[in-house]
Amino acid sequence: MSEPRPTGYVGAALPRLEDERLLRGGGRYIDDLDLPGAVDAAFLRSTQAHARITSIDASRARELPGVVAVYTGADIAGRMDPLVNTEELRIPPGLEAELKPLVRVQPMPLLADDEVNYVGQPVAMVLAESRYLAEDALELIEVDYELLPAVLDPEEALTADAPRVLLDAEDNVGLRVRHGVGDVEAAFAAAEVVVSETFTSHRYVPSPIEPRGLAARVDPFDDQLTVWSNTQTPHRMRDHLAPALGRSPDTVRVISVDVGGGFGQKGILVVEEILIPFAATDLGRPVRWMEDRNENLVAGSHAREQVHHIDLAADADGRLLAVRDRIVANLGSRNMVGLVVPYNSLAHLCGPYVVPNVDIDVTGAITNTMFTSPYRGAGRPEAVFAMERAMERLAARMGIDPADLRERNLIRPEQMPYRTGMLDRRGLPQEFDSGDYPAMFERARVALDLPALRERQEALLAEGRHLGVGMAMCLEMTGLGPFEGATISVRTSGRIQVATGAPSQGQGHATTFAQIAADAIGVPIDVIDLVGGDTATIPYGVGTIASRALVTAGNAIHQAGGLLRRRILEAAATVFDTTADELGLVDGVIVRHATDAAMGLRELLLALALTPGGADSDGLVETSYFQPPNYATASSLHAVVVEVHTATGRVDLRDYVVVHEAGRLVNPTVAHGQVIGGTVQGIGGALLEHFQYDAAGQPATSTFMDYMLPTPEIVPDIRIEEISLPSPTNALGVKGLGEGGAIGPPAAIANAVEDALRPYGVVVRSCPLTPSAIRHLLRGAAIDQEEVTA
Amino acid sequence: MKPPPFDYVRPTTVREAVDLLSSTEREVKVLAGGQSLMPVLNMRMAHPEVLLDISRLPELSTIEYDDGALRVGAAVTQSRVATDPAVRAGWPVLAAAIENIGHPQLRNRGTVCGSLAHNDSAAELPAVAVLLDARLSVTNSTGTRTLSASDFFLGTFTTALEPEDLLLGVEFPRPLGRGWSFHEFAQRRGDFASAGVGVVMSRDGDRVADVAVVLFGVGGSPVRPTEAENDLRGGELTAGNAAAVATTAAAAIEPGDDIHATGVFRREIVAELLRIALLEAWERAA
Amino acid sequence: MSDPRNMSAAPQATAPPLSEPSAWHDISCVVNGHEVDAQVESRLLLSDFLRHRLALTGTHVGCEQGSCGACTVLIDRVPVRSCLMLAVQCDGRDVVTVEGLAAGDDLHPVQESFRAHHGLQCGFCTPGFLMTLAALADDAEPCDEERMLDEIGGHLCRCTGYLGIREAARCALGIAAGPDGCDHTGVRHE
């Protein structure tokens, strides 16, 4: 059998294949879909954080010309079950046996029937001939609310006399899990230094520029339900919709279209995604829904709100003896996605450090706010913020340089693969497969020229200017299982289709997956078409979340590609009446060595239909599923230099270095784009973004004027330093990196600001570090700033 | 979100516009650039029955100036004013203020008078109007009248305009001196200001001959701190007394808290911005 | 005065003139070089008119508040937010959308530079940036970094982190040669 890989696309910084289409305005996003005869949906949403619906009258709405139907909770109850995200709530047996987590199942009615638990909760659904008319109808629906007490703060929700968030729940606990290793009590008792701090990660909204949307249509002839969606997890959507609508999964097709950013917000199922196909079925007409920005900010899933009460115990040399963290996470109005985010926080808390004794206690509280779900980093940013801030405080307490302190505690490369002694989210022993954290620190030191930076810092301080440097080290266990698949087939045209269950939301799969396929099969990349996330093209899939797609789909494609190459050559051998090792695949053409004989894939496909005796190889299709044996652990070190203007509180990012390790890079341009994009989202959280409610639970940041995303002038020229350690967990050696960039910035920037304001004794406990927040810190700080700025 | 239903009309003369405004019982909203009104309509925070588009009325589309003043018609866009060479030369504080408004794409449609009629307390144009003692020309079916800036701006989102009124244009007198400065503080370029200041100044050797100061984004309409202005006139301006005057002026305002900034912060920022602005205007006045 | 509110209704008899208040009007404009005559509901946003009546879906809607910039188009060669304009206001105007940038097979230099500099990931915000930069590139006034940042400052991107966009913009506007030696047409040299 001839050997493949003449082309070597993997590793090349190819310009993206999908760009021309997108640049010409040829993207096909969900709202671009023209569905003749479709009605448009709009949702009436709760205006109260907690209330009983005492009456709802949609009669005037129903009478409005152009309105096709109005559904209320009463119309839906009894016909459709409430939403339970079974996949996310499932507890792996290993975790169940060892930790016995409490994970409450709190079904969410598709439309609120008698109780609303957060502002924005869907209360009624209008279907009309246009979105304009549907919104006219919303204004005609009358709802009477009987206000109930609401609680917004997660720690307050856990107190004994807190009002009930859900009237029929026994308390405001959504989940509880505790895990650790060793003996923290003894370690704290024996410690030379103990640092106890509280750090808070605030509430974010992922805010892709394209909000969520979907369209559903039941074909009048074959009764197939087709759902077009910008979901990140089409197979999960299919597997949920089919039983929910009483259908065989064979009759449900979910197609992920071009997606304008996901970041996790489009990766969980929400009630609207069940209601739209339900309405299409019930009305016998196609139905479309496009969320608008106001809905996305208020009622699209939120993220990240966690409080960490963290204690570090260290010996006289600053070596960590123990970490104890009591975490309270704000789940929002219901426990919708279980351990996904909180356990990520738990599993990533100790990061790259050797910590012999650990005790982490997580409580997920429910509150009368929008529910939270995974958002780029999914629990890791919160954990890193707590740990890296705590390390900084420890360094300050002990008078050790923060970078030195971190380096003393790093897991060393010779310790890889490293077992932490804890269980990972699968319930299996947590093991970091590869990493070289000391080398990353070295690269950061050099990239920043740390000694020179410290000198400059001193010199500037003498002029009354405040420069600071901060670092944050993050690990990311990527490539989550249980599997992803690829079906690769030669089509009638001779082109090769690669189908996988992992769609793209901007990560460039049409290029990177094609690079992998082209190498594995041994064909030019321009004959490859990628279909990501059409459930009709591959039976099973998981989706693009959790920095998994390149690892899982990528390796499935690699496997299937190799299989297809072999199948092509064996099939061709039948047709040529020879053996496979007499043949080769060169530039997409089958050639017979030492002859002029050649055949294109298209001709081969047809020839197979005509050639007798080829029963084994009549189709040129291969499917392969990849089950990752373990996570592939990527890592990043963020190092930032800031200048803080103490008179105004403004923070300028003067330099930003990301040292990044994500195994083998398939396409460095795409990879760097992901790191930069994630980093800037992190910067947004560090300096600008903050979703806020007022005291009554009313959203205060419901437009882009108030929920502030980073803008071009905020972003410095971020420099990327790269280290590559191919992962031993998969044949391609790749690791995931979609989320990594977003994990480190709040911690790194907070550390840098604290460093800059060291003369004032400021301690940063939360973000965003807005000018008003910085001035507040300075006013409250120990030293009178008048003495220093005079 | 989509706007509620309304009728649209585009009169061809000011006369027609005024007649429409006075003849109907229906609620009419004047549409110029739409950059303030359309977001409100898209959020369904207003339900006018008629939108009256004045953006193409030739009578309202002129920029004129002479030794006395600059006159900007109600349909003239912010971009057009900010890039006009005569404005940049003769009313630099106005051009600078406009360049702080939102983003170029918004300024390409938004009008100077539209911003004045809207009177968002964080907006730059009402502040410049107050700073320069602008005069606003308002008409309705009973006739045309001129209002001073202080009579026109009554409070956040509130002006002296009645439902039947049409703002025809604004007149900015020549600034009282060559010195000027305009600074606002916002977290991101183009955001509404947490606070802002404007200064115009004339200098006689090393004395301040005349000065006007405006503070905005501090709640309500823009403020002229007349005590601070009086303190400055006739005196010298140094780093030391600029800071002192700025602090005193800031102490006289009571900005409130909002989700982005506390009132305390706003006052601090005003003091800092004014300190910088006074010194800058002083330099430019030389 | 007619009151059919159905957006997909067949054209009615001639609507009242623009100088009379009406819920429907007839408009005539030029879009990407083509004459377009349509009857539109007065409240129909320009963004929806382009996307759903003319099937020019390259212009995207991200906020309907004027904040995100994804809906930016050129009206008489000037970049504006189509979500803050009514279709009826385009009567007599010249409209250019992203679909009107390329000349047949050849991409506009701004499009080329975005491709060369990885200036897009999901592509949703991209058309807005392209329209603003295309207008800037056409402007007789040479553009400096400061003005470029001011103009692109009116656009939000959530995917790229802006660095690729800034590089692409510099390249397309001839502001500074990129590390790979862009020429002023925005084409990256191998």
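What follows is calculated from the coordinates using simple rules that are stated; it is not laboratory data. In this text the structure is predicted, and so the values were computed from the model without any measurement. Heads up, the Cβs are rebuilt from the backbone with ideal geometry, glycines too, and the neighbour counts pull from every protein chain shown.
Before moving on, here are some points about what is shown:
- Taking only Cα atoms of region C:42-190, radius of gyration then Dmax in Å: 14.9, 51
- In this structure, B:Glu236 and A:Ala696 have a Cβ-Cβ separation that, at R0 = 45 Å, corresponds to a calculated FRET efficiency of about 0.30.
- Put a plus charge on the Cβ of each Lys and Arg, a minus charge on the Cβ of each Asp and Glu, and nothing anywhere else: the dipole of chain A about its Cα centre is then about 700 debye.
- By the combined test of axial Cα extent (at least 30 Å) and Kyte-Doolittle hydropathy (mean at least -1.0), the qualifying DSSP H helices of chain A come to A:549-576.
- Close amide H contacts of A:Leu321 (hydrogens built in the peptide plane, cut-off under 5 Å, sequence separation of 5 or more or a different chain): A:Ala313, A:Ala314, A:Asp315.
- Restricting the calculation to Cα atoms, region A:365-485 shows an Rg/Rh of 1.06 when the hydrodynamic-style radius is the Kirkwood one.
- Extents of region A:126-216, largest first, come to 71, 36, 23 Å (Cα atoms, principal axes, whole angstrom).
- Equivalent ellipsoid, chain B (semi-axes from 5 times Cα gyration tensor eigenvalues, Å): 34, 21, 16
- Pair-distance profile P(r), taking every C-alpha pair of region A:1-80, with 10 angstrom steps and integer %: 10, 22, 20, 14, 14, 11, 6, 1
- Cα centre as origin, Lys/Arg/Asp/Glu Cβ charges: chain B dipole, Debye: 660
- Of every Cα-Cα pair in region A:1-144, the percent that sits beyond 20 Å: 67
- Chain A shape via C-alpha gyration tensor axes, a/c threshold 1.5: oblate
- Scattering profile of region C:25-100 at q = 0.17, 0.26 Å⁻¹ [log10 I(q)/I(0), Debye over alpha-carbon scatterers]: -0.53, -1.33
- Principal semi-axes in Å for region B:106-242 [√(5λ), Cα gyration tensor, largest first]: 28, 18, 12
- Each 5 Å bin from 0 upward holds the following percent of the Cα-Cα pairs of region C:109-173: 4, 20, 36, 27, 10, 3, 0.
- Cross-link reach list, lysines versus B:Lys29, counting only Cα pairs under 21 Å and skipping chain neighbours closer than eight places: B:Lys2
- Cβ-defined net charge surrounding A:Val659, 12 Å radius [Lys, Arg +1; Asp, Glu -1]: -2
- The amide H of B:Leu168, built 1.01 Å from its N in the peptide plane, has B:Ser137, B:Val138, B:Thr139 as neighbours under 5 Å, considering only residues 5 or more places off or on other chains.
- For region C:86-91, the Karplus equation 6.51 cos²θ - 1.76 cosθ + 1.60, evaluated at θ = phi - 60°, returns couplings of 8, 3, 4, 6, 8, 3 Hz by residue, with Gly and Pro reported as x.
- Dipole of region C:25-100, positive direction: furthest Cα of C:Met85, C:Phe49, C:Gln65, with charges on the beta-carbon: C:Gln65
- Vicinal HN-Hα couplings computed from phi for region B:90-101 (Karplus, 6.51 cos²θ - 1.76 cosθ + 1.60; Hz; Gly/Pro x): x, 9, x, 5, 5, 4, 5, 4, 4, 5, 8, 7
- Chain B: most fluctuating residue of B:Ile54, B:Ile253, B:Ile98 per GNM, C-alpha cutoff 10 Å: B:Ile253
- Taking the centroid of alpha carbons for each part, region A:639-673 and region A:202-242 are 34 Å apart.
- Aspartates and glutamates with Cα under 13 Å of A:Lys100, excluding same-chain neighbours fewer than 8 positions away: A:Asp361
- Residue by residue, region A:728-738 carries 3J(HN,Hα) couplings of x, 7, 8, 4, 6, x, 8, 10, x, 8, x Hz when phi is fed to the Karplus relation 6.51 cos²θ - 1.76 cosθ + 1.60 (θ = phi - 60°); x denotes Gly or Pro.
- Whole-Å distance, taken between Cα centres, linking region B:148-191 and region A:516-548: 58
- Sparse-neighbour loop sites [GluC sites (Glu not before Pro); region B:153-215; at most 16 other C-beta within 10 Å; DSSP]: B:Glu164
- Each residue, A:Ala594 and A:Asp577, gets one label point 7 Å from its Cα in the Cβ direction; the gap between the two is 1.9 nm.
- Cα lying deepest toward the dipole's positive end in the protein assembly as shown, options A:Ala396, A:Gly761, A:Gly468, charges on Cβ: A:Ala396
- In a DSSP loop and with at most 16 other Cβ atoms within 10 Å, the trypsin sites (Lys or Arg not before Pro) in region A:33-116 are A:Arg79, A:Arg90.
- P(r) histogram, all alpha-carbon pairs of region A:647-790 included - 10 Å bins from 0, percent: 10, 32, 29, 19, 8, 1, 0
- The Cα center of region C:78-146 and the Cα center of region B:198-228 differ in position by 41 Å.
- Straight Cα distances below 12 angstrom link A:Lys735 to the aspartates and glutamates A:Asp433, A:Glu476, A:Glu661, with same-chain residues fewer than 8 positions distant left out.
- Near A:Thr633, the amide H atoms lying under 5 Å from its own belong to A:Asp433, A:Ser434, A:Thr478; only residues 5 or more places off or on other chains count, and H is placed 1.01 Å from N.
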